[in-house]
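The structure appears below as structure tokens.
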Amino acid sequence: MTEQDAGQRPEQAPEQGADRRKTTREPSYLGGRLTFSQQRLSADCIVRDRSDTGALLFVDGAARVPDSFDLAIAKTGETCRVRTRWRRDTALGVEIVMRHAPPPARSEFPEERLRRLKAENERLKRRLQDLEG
């Protein structure tokens with residue numbers, strides 16, 4: 001194989017045992033969501049072996065996932081734009097192209113939240129009494 005032939009297209013997985021990552025990936029097992037087609041389509045995935053520059057994703061129908069999409073990891077609050085580097089069956093190797101800014105923190109104080117939840121609780125109690133009586 002020549003050096004020119006060694007480049008990978010997104011449709012192909014790297015050869016077994018080949019590791020061309022820029023940084024070492026750490027094991028992980030996190031739920032994620034892919035969004036694409038201007039946020040109209042999405043798919044759930046499992047995020048494995050992630051690093052600062054990429055990740056291994058497991059998603060049903062990996063062949064139908066576009067080459068570029070947004071990836072959100074709920075547990076960590078991370079959202080980023082990624083590009084598919086390779087794909088195989090239900091696995092995708094992705095490179096992080098751009099990290100999105102985290103959403104602003106909620107400014108609700110605990111007292112406000114408690115007051116809102118108590119009001120909701122009273123409303124639900126009244127509704128339950130109406131249904132029972």
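The values are calculated or read from the model by the stated rules, or taken from the named source; none is laboratory data. Source: prediction; values computed, not measured. Counting neighbours? That spans all protein chains shown, and the Cβs are built from the backbone with ideal geometry, glycine included.
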Query - Selection within region 19-36 - closer than 18 Å to residue 84 by Cβ and at pLDDT 85 or above - result: 32, 33, 34, 35, 36
Requested in this report: Just give me the residues in region 40-76 being touching a residue at least 40 places away in the same chain (Cβ under 8 Å) and either touching a Pro at 6+ places or on another chain (Cβ under 6 Å) or of a type in the set (A, V, I, L, M) (or both), in sequence order.
Outcome: 55, 67, 72, 73, 74
Report summary line: Scanning region 27-41 residue by residue, those under 13 Å from residue 64 (Cβ atoms) and over 10 Å from the mean Cα position of the chain (by Cα) turn out to be 36, 37, 41
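Scan 127, 81, 116 and give me the residue that is of a type in the set (Lys, Arg) and closer than 30 Å to residue 24 by Cβ.
None of the others qualify; the one that does is 81.
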Query - Qualifying strands (runs of 3 or more DSSP E) (wholly inside region 44-112; at least 2 residues being more than 12 Å from the chain's Cα centre (by Cα)) - result: 78-88, 91-99
Query raised in the report: Can you name every residue in region 85-107 that is in contact with a helix residue (DSSP H, G or I) (Cβ under 9 Å, 6 or more places away or on another chain) and either buried (at least 17 other Cβ atoms within 10 Å of the Cβ) or aromatic (Phe, Trp, Tyr) (or both)?
Result: 87, 92
Report summary line: Filtering region 62-77 down to residues that are closer than 12 Å to residue 97 by Cα and crowded, with 16+ Cβ neighbours inside 10 Å yields 69, 70, 71
Requested in this report: Give the number of residues within region 23-43 that are in a loop (DSSP other than H, G, I, E, B), surrounded by 13 or more Cβ atoms within 10 Å (Cβ to Cβ) and polar (S, T, N, Q).
Outcome: 1
